[in-house]
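Bear in mind that the values in this text are calculations on the coordinates, not laboratory data. Computed from a predicted model, the values in this text were never measured in an experiment. No Cβ is skipped: glycine too gets one built from the backbone with ideal geometry, and neighbour counts run over all protein chains shown.
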Amino acid sequence: MSNTQEMFERWCSAPGVSFKNPEAEDAYEKRAGRIADAIQLKIPDRGPITPAFGMFPALDKGFTCEDVFFDPNKAFAAWIKTLADFEPDTYRLPIRPGSVYEAIDCRQIMLPGRGISPHYGMQYVKAEYETAEEFYDFFLEDPTDFMLKGSTCHVYVVSWSPLKTFVLSVRHCVIIPVWPVCFKRLVVLRSPAPLRN
């Protein structure tokens, strides 16, 4: 047996995981096996389903988009209900922490209840965040450096104090001192209460 097959066997059998009941264990094994088969290009019993629900879980649970962007407990409850109702094989939980976007003062999006209706999902703000002259030379010189420094420089505003705002908009901005400030601001963010099941 190859290392890959061993890994899939372990994953599908979930050693050390305690399931709620035998039906849950059986459902897990079927789903994991289905995904493992598809990854290995074997023919599964059916194609694995990974839906993109968007904001449906919030609306189905009776919440607004603003509710799930800014209250992790409501978001958790909404997505758990949808997963229980539809039973997909896998799911990519869309983490949309509104407080994080606010902390880094992202100019590229408008958040529900913050400039747009609380019933809308986040909206992208169409704007020229950098000119072609700023983009091409920097990007072509070093694409990785551009993605790490250049592209983010034009989207976020980091508040250093109430009186002074440092806008990251210059081509060769000094990003290294800025990210620790962002991280410190993110670390102090707290959800209203720990996530509950």
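Once you list every other residue whose beta carbon is under 11 Å from the beta carbon of residue 34, what net charge do they have if Lys and Arg are +1 and Asp and Glu are -1?
On the way: positive: 30, 31, 42, 46; negative: 29, 37, 45, 89.
Neighbour charge sum, excluding residue 34 itself: 0.
Starting from the alpha-carbon convex hull of the range 1-48, give the projected area averaged over all orientations, in nm². List each step's numbers first, then the result.
Values: hull surface 14.5 nm².
The number I arrive at for the range 1-48 is 3.6 nm².
All other residues with a Cβ under 15 Å from the Cβ of residue 57 taken together, and with Lys, Arg as +1 and Asp, Glu as -1, what is their net charge? All intermediate terms of the calculation are to be shown ahead of the outcome.
On the way: positive: 61, 74, 81, 92, 96; negative: 60, 66, 67, 71, 85, 87.
Result for the local shell: -1.
Taking the beta-carbon count within 10 Å as an exposure proxy, list 117, 2, 13 from fewest neighbours to most. Working shown, then result.
Values: 117 11, 2 7, 13 14.
Least to most surrounded, the residues fall as 2, 117, 13.
Could you order peptides 60-71, 30-41 by the average number of other Cβ atoms within 10 Å of their residues, highest first?
Details: 60-71: 19.8, 30-41: 15.7.
Order by mean packing, descending: 60-71, 30-41.
Net charge near residue 79: determine it from the other residues with C-beta under 12 Å of the C-beta of residue 79, scoring Lys and Arg +1 and Asp and Glu -1.
Neighbourhood net charge equals +3.
Which entries of 20/81; 20/61; 30/81; 74/126 have Cα-Cα distances beyond 26 Å here?
Working: 20/81 16 Å; 20/61 24 Å; 30/81 21 Å; 74/126 30 Å.
Distance filter (> 26 Å) returns 74/126.
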